[in-house]
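The values are calculated or read from the model by the stated rules, or taken from the named source; none is laboratory data. Keep in mind the model is a prediction, meaning the values are calculated, not measured. Cβ atoms come from the backbone with ideal geometry, glycine included; neighbour counts cover every protein chain shown. Just the protein is used for accessible areas: all its heavy atoms, side chains included, with ligands, DNA and RNA removed. Shrake-Rupley method; radii C 1.70, N 1.55, O 1.52, S 1.80 Å.
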Amino acid sequence: ARQAVRCLPFRLAFYRDLDVEARSSSQIAADPEWPRLIRHQLSANRTEDLLIWLIQLGVLRREVDGQGLTERVRLTPMGRDTIAPWAGAIPAASPLMRLKHWLRQHRPRL
């Protein structure tokens, strides 16, 4: 999970914000302060795809209200542990780490 977090475009502020307040992919994509949260602007669909990947890894979870699951996500306890070593910023991933991450995400059976 820590390697995936290093390879994704989200900044540390993104994860810290989700620890405080649940947000949906459309809220994240439409946020006027997106440069503080994300390295490059993402569409709502691409943001949702990345959120689903982080849910599969156990870093995020869907928020639950009185009627069931919502479209908003929050940081999990494992997610807090994942980002805990980084105080100022998430270190950039090497090209090899990015390639391995892409293969795990898009071609898991290879």
List every residue pair whose Cβ atoms lie under 8 Å apart, where the two residues are 6 or more positions apart in sequence or sit on different chains, the first residue falls within segment 79-93 and is touching a residue at least 12 places away in the same chain (Cβ under 8 Å) and under 10 Å from ARG11 (Cα atoms), and the second residue, located anywhere, is assigned to a loop (DSSP other than H, G, I, E, B) and of a type outside the set (Asp, Glu).
ALA89/ARG11; ILE90/ARG11
Give the residues of segment 93-110 that are part of a helix (DSSP H, G or I) and of a type outside the set (Lys, Arg), sorted by residue number.
PRO95, LEU96, MET97, LEU99, HIS101, TRP102, LEU103, GLN105, HIS106
For segment 28-81, how many residues are hydroxyl-bearing (Ser, Thr, Tyr) and touching a helix residue (DSSP H, G or I) at 6+ places or on another chain (Cβ under 7 Å)?
2
Quick one: which residue in ALA87, ALA30 is more than 14 Å from the chain's Cα centre (by Cα), closer than 19 Å to VAL5 by Cβ and aliphatic (A, V, I, L, M)?
ALA87
Scanning segment 77-92 for residues that are in contact with a Leu (Cβ under 9 Å, 6 or more places away or on another chain) and assigned to a loop (DSSP other than H, G, I, E, B), which turns out most open to solvent (accessible area, probe 1.4 Å)?
ALA87
Restricting to segment 12-60, count the residues that are touching a Leu at 6+ places or on another chain (Cβ under 9 Å), assigned to a helix (DSSP H, G or I) and touching a residue at least 24 places away in the same chain (Cβ under 8 Å).
11
When restricted to ARG107, ARG74, the only residue out of contact with any His (no Cβ under 6 Å at 6 or more places or on another chain), at negative phi and surrounded by 15 or more Cβ atoms within 10 Å (Cβ to Cβ) is ARG74
